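Written out below as structure tokens is the structure these notes cover.
The values are calculated or read from the model by the stated rules, or taken from the named source; none is laboratory data. Remember, it's a predicted structure, so these values are computed and weren't measured experimentally. A quick note on method: Cβ atoms are made from the backbone with ideal geometry, for glycine too, and the neighbour counts reach across all protein chains shown. These accessible areas exclude ligands, DNA and RNA; they are computed on the full protein's heavy atoms, side chains included. Shrake-Rupley method; radii C 1.70, N 1.55, O 1.52, S 1.80 Å.
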Amino acid sequence: MHSKTQNLVGGFPDAVLNSQSVFRTLMDCMARPGTVGSVAPTVAPPAPLGIAAGAVMLTLCDNDTPVWLSPDLTKSGTTAWLSFHCGAPLTREKAEARFAFLEAGAAVPPFSLFAAGSQEYPDRSTTLVIEVTALSGGRPLNLTGPGIRDVATITPMGLPEPFLHQWIGNRALFPRGIDAVLTAGRELLCLPRTTKITPLEA
């Protein structure tokens, strides 16, 4: 298939119903940090953008949401796919982005470069969508905070090395700060800024 044609396919078969389904999954996972949700609708974003990340993009991005893409995603068919299916403007300025997408293995920029919102409007912040190798099989991490009964444990594989250190500073900004969505294949989990992440001792 011609690369230009690939940019026009792979979206939701039913844009309204499918986006509603993914939105409900996202909201459930955001309300219960650490809960793994699965993307049911068929979606085929261009590599290296993953299925769940592509579904999140189709659901949340529109012409009012500037999007920042990692360098490799910018060089791929993702830019044209995003433009065709979402109409969302790309921005090179991380602080202008409402959503930022990074493929698996991409270096995570300092969180301080993204919008953290303001005291008056903490929702005017960037949500990071980070693809990892898998949402299981990695180093155990304990989650505590709102939406979590006692403790939740996640084991993402391929979480970028600086992420945990940066997350400590991010929580200190509350009510400001960024939120994160980890994706792998069809699965996703959400980490709102209120969530405390503690690595388990080996």
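Among Ile51, Val36, Gly138, which residue has its Cα positioned farthest towards the positive end of the charge dipole of the chain, with +1 placed on the Cβ of Lys and Arg, -1 on the Cβ of Asp and Glu, and the dipole taken about the Cα centre?
Gly138
Within the chain, what's the longest stretch lacking trypsin sites (Lys or Arg not before Pro) that sit in DSSP loops with no more than 14 other Cβ atoms inside 10 Å?
1-91
Rounded to the nearest 0.05, what FRET efficiency is calculated for Ser38 and Leu164 with R0 set to 22 Å and r the Cβ-Cβ distance?
It comes to 0.30.
Report relative contact order for the range 4-58 in percent, whole number only (criteria: Cα-Cα under 8 Å, sequence separation at least 6).
RCO, the range 4-58: 43 percent.
Can you pull the Kirkwood radius for the chain, inverse mean 1/r over Cα pairs, to one decimal in Å?
Value: 17.0 Å, from the Cα pair sum.
Please state the charge dipole magnitude for the range 1-82, taken about the Cα centre, from unit charges on C-beta atoms (+1 on K and R, -1 on D and E), reported in debye and rounded to the nearest 20.
So the magnitude is around 140 debye.
When all protein chains stay in place, what accessible area (Å², nearest 10, 1.4 Å probe) is found for Glu93?
We get 110 Å² for Glu93.
If you roll a 1.4 angstrom probe over the protein chains with everything in place, what fraction of the accessible area of the chain belongs to carbon and sulfur, to the nearest %?
Answer for the chain: carbon and sulfur cover 54 percent of the accessible area.
Against the globular-protein guess of 2.2 N^0.38 Å, express the Cα radius of gyration of the range 1-91 as a ratio, rounded to two decimals.
Compared with the compact-globule rule of thumb, the range 1-91 sits at 1.07.
Mean-square fluctuation check for the chain, GNM, Cα pairs under 10 Å: which of Ala172, Ala152, Ala52 is largest?
Ala172
For the chain, what does the relative contact order come out to in percent, with C-alpha contacts under 8 Å and a separation of six or more?
The value is 23 percent.
If you count only protein heavy atoms with a 1.4 Å probe, what accessible area per residue comes out for the chain, rounded to a whole Å²?
49 Å²
Mind checking the dipole of the range 67-161: about its Cα centre, +1 per Lys or Arg Cβ, -1 per Asp or Glu Cβ, Debye to the nearest 20?
The calculation lands at about 40 debye.
What do you reckon, how do Asp64, Asp123, Asp179, Asp14 stack up by accessible area (1.4 Å probe), largest on top?
Greatest to least solvent exposure: Asp64, Asp123, Asp14, Asp179.
If you line up the Cα atoms of the range 60-129 on their principal axes, what length do they span on each, largest first, in Å?
37, 27, 16
How much length is gained on full extension from Leu200 to Ser118, taking 0.36 nm per residue of separation minus their Cα-Cα distance?
Stretched fully, the Leu200-Ser118 segment lengthens by 26.3 nm.
How far is helix 51-60 tilted, in degrees, relative to the longest principal axis of the Cα atoms in the chain, given as a value from 0 to 90 rounded to the nearest 10?
90 degrees
Relative to the Cα centre, what is the charge dipole magnitude of the chain, using +1 at the beta carbon of each Lys and Arg, -1 at the beta carbon of each Asp and Glu, and rounding to the nearest 20 debye?
Dipole magnitude for the chain comes out near 120 debye.
Relative contact order of the range 37-84, please, whole-number percent, based on alpha carbon pairs below 8 angstrom and at least 6 residues apart.
Relative contact order for the range 37-84 comes out at 43 percent.
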